[in-house]
Amino acid sequence: MNLNSPLFDRIRTRREAKSEPAPSARGPVCAHPGCQAPGEFRAPMGRLREGQYFCFCLDHVREYNATYNYFNGMSDEDVLRFQKDAVTGHRPTWKMGADRNGAADAGMADPFHMQGGKPGKNRTPRHGVVARKALHVLDLDDDAGPAEIKARYKDLVKRLHPDANGGDRSNEDRLREIINAYNVLRSFRIV
């Protein structure tokens, strides 16, 4: 654009006068029939219409709130059930030690028995980590009793001892592990 143009000097514009904004531009109008006041105050539409609101002026929102009843149309049993569910935030709950279907379940769900336990057994460990490792060396569960541990130990020693294998010492390391594991269990007074 050439600022030295003779036409540039003759361009004149007139500012438009500020006008009153349209009713929609200044906000919602009161939802009460026949009222044209600004609807500055929100009021809930009711049950089953959560998140939806009417916009009222101050006088009409006071009138609406005085007559509003969330539980309108509900029976007494429904109101009591709603109040009971409100304690837990309307989320499903079940008793401690039971699964979602209400069946008693002492341990955690392990449908494929990948934790090494049998179905329905309590999975809380009875022993510490070292004792559980010693029981694992003897190929026993965490809930094995003293008699079962002694019987398993005697059986493994008889099978792996070099005197029982004609002097074969190939299982000597495994035998040492078993003896050490049994001594650990004895030191914890499990056996």
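Distance from the alpha carbon centroid of region 140-186 to that of region 45-80 works out to 75 angstrom. Computed on region 122-191, with alpha-carbon pairs under 8 angstrom and 6+ residues apart, the relative contact order is 39 percent. With the simple model of a label 7 Å out from the Cα in the direction of the Cβ, F112 to Y64 spans 5.6 nm. Accessible area per residue was computed with a 1.4 Å probe on protein heavy atoms; S5 scores about 30 Å².
The values are calculated or read from the model by the stated rules, or taken from the named source; none is laboratory data. Worth saying up front: this structure is predicted, and the values here are computed from it rather than measured. Every residue, glycine as well, gets a Cβ built from its backbone with ideal geometry; the counts of neighbours run over all protein chains shown. For accessibility, only protein heavy atoms count, side chains too; no ligands or nucleic acids. Shrake-Rupley method; radii C 1.70, N 1.55, O 1.52, S 1.80 Å.
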